[in-house]
1. Residue check: is residue 75 surrounded by fewer than 16 Cβ atoms within 10 Å (Cβ to Cβ), at pLDDT 90 or above, in contact with a strand residue (DSSP E or B) (Cβ under 9 Å, 6 or more places away or on another chain) and closer than 26 Å to residue 125 by Cβ?
2. Would you say residue 63 is farther than 15 Å from residue 11 by Cα and touching a residue at least 60 places away in the same chain (Cβ under 8 Å)?
3. Kindly provide the set of residues from segment 31-54 that are within 19 Å of residue 82 (Cβ to Cβ), surrounded by 18 or more Cβ atoms within 10 Å (Cβ to Cβ) and at pLDDT 90 or above, ordered by number.
4. For residue 63, work out the one condition from (1) surrounded by fewer than 20 Cβ atoms within 10 Å (Cβ to Cβ); (2) at negative phi it doesn't fulfil.
5. Going by what's in this entry, would residue 80 be described as within 21 Å of residue 18 (Cα to Cα) and in contact (Cβ under 8 Å) with a residue 12 or more places away in the chain?
6. How many residues, within segment 1-17, are more than 11 Å from the chain's Cα centre (by Cα) and either more than 13 Å from residue 60 (Cβ to Cβ) or free of Cβ contacts under 8 Å to residues at least 40 places away in the same chain (or both)?
């Protein structure tokens with residue numbers, strides 16, 4: 001089993017992926033941990049590409065997140081199952097804001113990329129907007145192509161879909 005959990009920022013991908021990995025006894029990789037270094041510095045491209053290739057070559061994984069745009073097609077092609085978290089834009093803003101509040105009050109259990117420093121709200125919201133406008137149409141197209149190739153696709157379009165998702169069995 002190789003499962004890609006993909007969608008916009010703040011949509012609960014990592015929480016869902018941790019839950020799926022625990023239930024399936026499968027290795028979980030948060031792609032943000034590969035993409036980002038301390039203080040929100042991007043990992044150099046050659047290091048990111050090499051590690052991404054190594055990770056997707058493994059036989060069993062659940063990888064959540066976007067990572068670098070250019071790495072998405074290879075990850076989806078290698079996946080056996082794809083969970084597309086595709087909720088309305090306002091839901092991503094809402095969930096991201098809730099996460100920022102939990103982070104600022106010290107109540108966050110699993111900060112993105114294991115960071116100790118919270119991302120600036122303006123930059124986070126700008127990223128969510130840009131991913132919605134510029135990345136999601138292509139991600140939906142790529143997921144559709146993988147579905148045509150016979151892969152199992154799970155589309156989660158609401159918080160209730162996300163919370164109620166039972167898994168991949």
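The values are calculated or read from the model by the stated rules, or taken from the named source; none is laboratory data. Not measured: the values here are computed from a predicted model. Cβ sites come from the backbone with ideal geometry, for glycine too, and all protein chains shown count toward neighbours.
1. On the way: surrounded by fewer than 16 Cβ atoms within 10 Å (Cβ to Cβ): no; at pLDDT 90 or above: yes; in contact with a strand residue (DSSP E or B) (Cβ under 9 Å, 6 or more places away or on another chain): yes; closer than 26 Å to residue 125 by Cβ: yes.
It is false that residue 75 is surrounded by fewer than 16 Cβ atoms within 10 Å (Cβ to Cβ), at pLDDT 90 or above, in contact with a strand residue (DSSP E or B) (Cβ under 9 Å, 6 or more places away or on another chain) and closer than 26 Å to residue 125 by Cβ.
2. Working: farther than 15 Å from residue 11 by Cα: no; touching a residue at least 60 places away in the same chain (Cβ under 8 Å): yes.
So residue 63 does not fit the description; no.
3. 31, 52
4. Just one mismatch for residue 63, condition (1).
5. Details: within 21 Å of residue 18 (Cα to Cα): yes; in contact (Cβ under 8 Å) with a residue 12 or more places away in the chain: yes.
Answer is yes for this residue.
6. 0
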